[in-house]
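The values are calculated or read from the model by the stated rules, or taken from the named source; none is laboratory data. Predicted model only: the values in this text are computed from it and were never measured. Every residue, glycine as well, gets a Cβ built from its backbone with ideal geometry; the counts of neighbours run over all protein chains shown. Each accessible area value is taken on the protein alone, full model and side chains, heavy atoms only, with ligands, DNA and RNA left out. Shrake-Rupley method; radii C 1.70, N 1.55, O 1.52, S 1.80 Å.
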Amino acid sequence: MSALIFELKDTPGQRLDLSPLVPARLAGMSRKDIEAVSIGTTRETLTVGDAFKVKGKDAQNIHFVGTDERCDKIGAELEGGAIFVDGDAGASLGARMKSGKIGVTGSAGVLAAASMAGGEITIRRNVGAQACGVALGETMGMKGGFVTVGGDTGALLGERMRRGPRGRRRQGGRLCRRPHDCRHARAQRGAGRYAGYGNRRGSLIFMEKPKDILPTFSDCGVMEFDYLRLLEKWLRDQDIRIRLGDRARRLMGDMAVLGKGEMLILA
Amino acid sequence: MEAVNKHKNASVDVGQVMFGQTITISGDILRQFDGRHAASPKKWALNQGDGNGTGVVPYNYKPKSFVNALQWAIGLEIFLMAEDPWRVLFSTDHPNGALFVRYPEIFHLLMDKDERARWLDDLPEASREVSNLAGITRELTLSELAVITRAAPAKLLGLTDRGHLAPGAIADIAVYAEQKNKTAMFSAADLVFKSGELVVRKGKVVRVTYGRCYHVEPGFDAQIEKRVKTFYDRYYGVDPSWFGVSDAVTTRRDASRRSQRRDDMAELKVKGVTIIETFAEAFPMVGTRIIITAPTMEWALISARTMTGFATSVIACGAEAGIERTLSRKETPDGRPGVAVLLFTMNADKLQTQLRNRVGQCVLTSPGSACFAGLEGEKSLKLGSSLRFFGDGWQMSKVLGGKRYWRIPVMDGEFVCEDKTGLTKKAVGGGNLLVLGKTHAAVLAACTRAVKAMAELPDVITPFPGGIVRSGSKVGSKYKGQIASTNDAYCPSLKGAVKSELPLNVEAVLEIVIDGLTAEAIHKAMHAGIHAIAKGGAREGVTHITAGNYGGNLGPHHFHLKEIVG
């Protein structure tokens with residue numbers, strides 16, 4: 001069965017709320033029904049059919065084609081299935097998602113992976129501020145899942161990453177800020193300011209040292225991490241080929257909140 | 001006898017007494033002990049060693065003895081007063097009443113009233129007075145004699161194919177020429193046919209044939225051996241094997257059975273090495289596999305060997321464990337050299353305890369090591385999730401691809417350990433091969449070869465040192481509290497002292513114990529092992545390959561060597 005494709009017809013006149021376009025909500029819907037779904041964010045009514053050309057049937061495998069930074073909440077609260085974005089994504093990409101996969105060939109806006117609880121997101125280019133941070137209306141940041149960013153990250157990367165509610169989810173989120181391939185590594189700038197602000201758990205892995213590191217992260221020095229080997233091999237299995245090596249500088253924090261999260265800066 | 005004659009369902013089994021020397025043998029130890037005073041000559045033997053004693057007391061029945069004379073007369077009276085010969089059975093209760101060689105004289109007495117009168121003349125007056133024998137004139141016919149000695153016993157036992165000379169019946173036949181002197185007549189047959197062959201002609205043996213040795217091996221509950229052993233140990237202080245009857249006693253085996261055995265043995269030889277037709281008895285276990293990685297293969301092996309070092313037998317070690325194989329960088333989760341280790345115990349709780357202790361003490365402690373799951377079983381065991389607390393709160397876990405990994409800070413960096421590993425309940429323990437040979441060197445070389453061959457196969461380990469065990473054990477011991485002791489039946493130095501399973505030319509026996517994640521894996525390993533052992537052929541010095549079992553009562557897995565070789 002072919003993927004369910006949403007091809008953007010034209011630059012939308014308003015920001016789009018694409019949170020209804022997730023597998024769980026589209027399953028079993030006819031194309032006509034899907035085209036009738038409202039995705040507008042202003043008083044001016046806007047449906048899927050108005051903004052997108054809809055093709056294909058497989059709601060478990062959704063493709064967005066030609067999207068731009070005004071397409072918000074793609075894959076928000078995703079609970080399974082796969083979403084592929086051929087273009088840019090707006091704000092709150094994969095916010096609060098619990099499982100599934102999201103891939104973006106371009107950049108993502110603010111609050112990408114905010115309050116994410118599980119699943120995987122791969123962003124080929126840059127990501128805006130507060131990625132892996134705290135979703136609107138939430139008090140805690142990312143608490144599970146895996147995010148890979150190929151380009152720059154904005155400020156407050158991984159803000160308030162922590163354990164899950166009542167300690168049930170012990171898995172902190174991680175963000176690997178990396179270039180899509182190693183040739184671009186030196187051309188990229190570091191992460192935005194205040195990365196890891198308020199972190200209690202979770203790992204932020206950087207290919208190169210961020211320019212501004214919070215003084216509340218304690219430097220533990222450089223050492224070998226078998227975990228990086230494990231990670232590299234797993235990424236290779238996910239068809240993400242990147243050389244992580246096995247050595248990194250470890251910074252632990254955020255000590256402002258007695259956090260036991262970490263930044264690993266590859267050595 | 002009037003009562004016997006009256007009741008058609010009554011029969012009489014007579015042990016006829018004859019005057020002269022004989023010997024009495026009985027398991028009625030108290031009767032024999034009481035009768036020791038009557039021993040003639042004055043030598044007797046009583047054996048009360050096994051709870052079922054035997055008494056051997058020589059005895060001489062004398063015609064001048066009132067009692068002996070009465071005993072003699074009563075037997076004859078019964079034969080002669082019985083109206084129906086089909087309900088009277090003849091014997092001398094050999095040797096208690098008389099030796100069976102006295103039969104001709106008894107036949108003579110039964111068939112000739114004048115002969116009886118002659119014997120009666122020598123008896124004490126008192127005996128003659130109380131006996132009715134002198135007044136009996138009946139003389140048994142040859143036909144009646146055949147009935148009481150042959151046909152009636154067969155009929156009473158329900159044996160319809162013998163005791164008569166009808167076509168198809170089973171019989172050895174003696175032919176006598178009619179004589180007046182019946183003693184002389186029955187003492188030397190003119191012709192004797194045995195199994196259809198003429199063996200005696202006119203009193204001379206013309207052909208020697210052997211009889212059959214019937215060998216019966218009825219099944220029995222092996223647990224009784226334990227009870228008997230406990231009983232003997234408690235009351236006699238000796239092993240029941242002291243009272244066993246070894247095969248050496250029956251030196252002449254049945255010819256047909258011997259040839260059959262030769263045929264079997266011919267089928268069960270591999271390069272001249274005899275494969276005994278038996279089976280290895282194995283039992284269900286629970287098992288798991290973990291993968292240990294390290295910066296170098298040397299350190300991965302050190303960690304794995306330390307972890308599996310004292311894990312040869314669940315009897316005393318808590319677990320049976322071993323290195324399954326080494327793993328290349330491509331085969332391990334973290335891309336480092338690794339080793340696959342298998343652990344087995346009798347239940348999941350013990351396996352969990354052993355896994356935690358062994359990984360905690362031997363892998364966590366080993367420089368640069370990491371530990372991962374190696375099995376996706378029907379259930380899971382805690383691995384990192386029970387060791388993480390060593391991190392004292394500094395540990396952290398990461399989930400990759402649905403699997404959780406713990407990172408525990410240690411002095412050389414971090415110990416990475418997967419959260420859980422799988423458990424299988426289909427594991428099998430106790431597969432084994434016993435290798436017998438003429439020299440220790442030959443057996444050791446063959447076993448080493450076999451272990452190497454088995455190490456190439458997946459899902460199995462040989463848990464003992466180098467995969468070989470020289471101290472195979474049996475269950476129990478003469479010493480209280482010792483739950484296992486040396487397998488004396490396979491100790492070459494005890495060949496002459498116990499019920500040994502070893503031929504005289506065997507000087508050494510070694511055992512290979514095999515544990516596997518599946519029964520099929522053990523089957524394959526035993527196949528590879530047998531052929532590796534036999535590779536050197538009989539000329540190398542290995543004589544037999546056999547296997548240990550407990551009569552089929554220990555475990556449901558029976559690995560028959562014949563099927564495995566096939």
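The table below gives the values:
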{"read-out": "Conditions (1) facing chain A (nearest Cβ under 10 Å); (2) among the charged types (D, E, K, R); (3) open to solvent by 40 Å² or more (accessible area, probe 1.4 Å); number of the one not met by B:K398", "value": "(3)"}
{"read-out": "Qualifying residues in the range B:312-333 (those that are aliphatic (A, V, I, L, M), in contact (Cβ under 8 Å) with a residue 24 or more places away in the chain and in a loop (DSSP other than H, G, I, E, B)) - the one least open to solvent (accessible area, probe 1.4 Å)", "value": "B:A319"}
{"read-out": "Considering residues of the range A:145-162 that are closer than 22 Å to B:S397 by Cβ and among the charged types (D, E, K, R) only, the residue most open to solvent (accessible area, probe 1.4 Å)", "value": "A:R160"}
{"read-out": "Residue selected from the range A:211-242 under the condition away from every other protein chain (no Cβ under 11 Å) and under 22 Å from A:K101 (Cα atoms), by the criterion surrounded by the fewest Cβ atoms within 10 Å (Cβ to Cβ)", "value": "A:D239"}
{"read-out": "Hey, A:A112 crowded, with 24+ Cβ neighbours inside 10 Å and in a loop (DSSP other than H, G, I, E, B) or not", "value": "yes"}
{"read-out": "Matching residues in the range B:406-434 - criterion: being at the interface with chain A (Cβ under 8 Å from one of its Cβ atoms) and among the acidic types (D, E)", "value": "B:E414"}
{"read-out": "Pairs where the first residue, in the range B:20-32, is at pLDDT below 95 and the second is open to solvent by 80 Å² or more (accessible area, probe 1.4 Å), C-beta under 7 Å, 6+ apart", "value": "B:G27/B:N52; B:I29/B:Q48"}
{"read-out": "Residue count for the range B:41-54, restricted to those that are modelled with pLDDT of 90 or more and surrounded by 15 or more Cβ atoms within 10 Å (Cβ to Cβ)", "value": "1"}
{"read-out": "Verdict on B:E277 being surrounded by fewer than 24 Cβ atoms within 10 Å (Cβ to Cβ) and not in a strand (DSSP E or B)", "value": "yes"}
{"read-out": "Segments classed as strands (runs of 3 or more DSSP E), wholly inside the range B:507-566, with at least 3 members that are open to solvent by less than 50 Å² (accessible area, probe 1.4 Å)", "value": "B:508-516, B:542-546"}
{"read-out": "Filter pass, B:K403 being touching a residue at least 24 places away in the same chain (Cβ under 8 Å), within 14 Å of chain A (Cβ to nearest Cβ) and not polar (S, T, N, Q)", "value": "yes"}
{"read-out": "Residue within the range B:150-172 that is assigned to a strand (DSSP E or B) and either under 24 Å from B:N9 (Cα atoms) or under 40 Å from the mean Cα position of the chain (by Cα) (or both) present", "value": "yes"}
{"read-out": "Residue check for B:D247: at pLDDT below 80 and open to solvent by 100 Å² or more (accessible area, probe 1.4 Å)", "value": "yes"}
{"read-out": "From the options B:P95, B:P104, residue that is surrounded by 13 or more Cβ atoms within 10 Å (Cβ to Cβ) and in a helix (DSSP H, G or I)", "value": "B:P104"}
{"read-out": "Matching strands (runs of 3 or more DSSP E) fully within the range A:16-99 where at least 3 residues are outside the structural domain of A:V147 (by TED's automatic domain parsing)", "value": "A:52-55, A:58-65"}
{"read-out": "Top-ranked residue of the range B:448-496 - restricted to ones that are of a type in the set (A, V, I, L, M) and open to solvent by 80 Å² or more (accessible area, probe 1.4 Å), ranked as nearest to B:T543 (Cα to Cα)", "value": "B:V475"}
{"read-out": "Residues within the range B:292-305 that are open to solvent by 20 Å² or more (accessible area, probe 1.4 Å) and in contact with a strand residue (DSSP E or B) (Cβ under 8 Å, 6 or more places away or on another chain), tallied", "value": "3"}
{"read-out": "Complete set of residues in the range B:184-196 that are in contact (Cβ under 8 Å) with a residue 12 or more places away in the chain, open to solvent by 60 Å² or more (accessible area, probe 1.4 Å) and either at positive phi or among the aromatic types (F, W, Y) (or both)", "value": "B:F193, B:S195"}
{"read-out": "Where a residue in the range B:168-183 is free of Cβ contacts under 8 Å to residues at least 40 places away in the same chain and its partner, wherever it lies, is assigned to a strand (DSSP E or B) and open to solvent by 70 Å² or more (accessible area, probe 1.4 Å), with Cβ under 9 Å and at least six apart", "value": "B:A169/B:R162; B:I170/B:R162; B:A171/B:R162"}
{"read-out": "Hits in the range A:94-153 (condition: within 14 Å of chain B (Cβ to nearest Cβ) and acidic (D, E))", "value": "A:E120"}
{"read-out": "Residue in the range B:85-92 that is surrounded by fewer than 20 Cβ atoms within 10 Å (Cβ to Cβ) and part of a helix (DSSP H, G or I) present", "value": "yes"}
{"read-out": "Identity of the residue in the range B:369-382, within 14 Å of chain A (Cβ to nearest Cβ) and in contact with a helix residue (DSSP H, G or I) (Cβ under 6 Å, 6 or more places away or on another chain), that ends up surrounded by the fewest Cβ atoms within 10 Å (Cβ to Cβ)", "value": "B:S369"}
{"read-out": "B:A177 being in a loop (DSSP other than H, G, I, E, B) and hydrophobic (A, V, I, L, M, F, W, C)", "value": "yes"}
{"read-out": "The lone exception for B:A146 - which of (1) touching a residue at least 24 places away in the same chain (Cβ under 8 Å); (2) buried (at least 16 other Cβ atoms within 10 Å of the Cβ) it fails", "value": "(1)"}
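So that you can scan it fast, the table gives a plain yes or no per residue for (1) surrounded by 23 or more Cβ atoms within 10 Å (Cβ to Cβ); (2) within 17 Å of A:L4 (Cβ to Cβ); (3) modelled with pLDDT under 95:
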| position | (1), (2), (3) |
| --- | --- |
| A:I74 | yes, yes, no |
| A:E79 | no, yes, no |
| A:F84 | no, yes, no |
| A:G90 | yes, no, no |
| A:I121 | yes, no, yes |
| A:A129 | no, no, yes |
| A:G133 | yes, no, yes |
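Let's see how each residue does on (1) touching a strand residue (DSSP E or B) at 6+ places or on another chain (Cβ under 7 Å); (2) part of a loop (DSSP other than H, G, I, E, B):
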site	(1), (2)
B:M307	yes, no
B:G335	no, yes
B:V339	yes, no
B:L343	yes, no
B:G360	no, no
B:S385	yes, no
B:G393	no, yes
B:Y405	yes, no
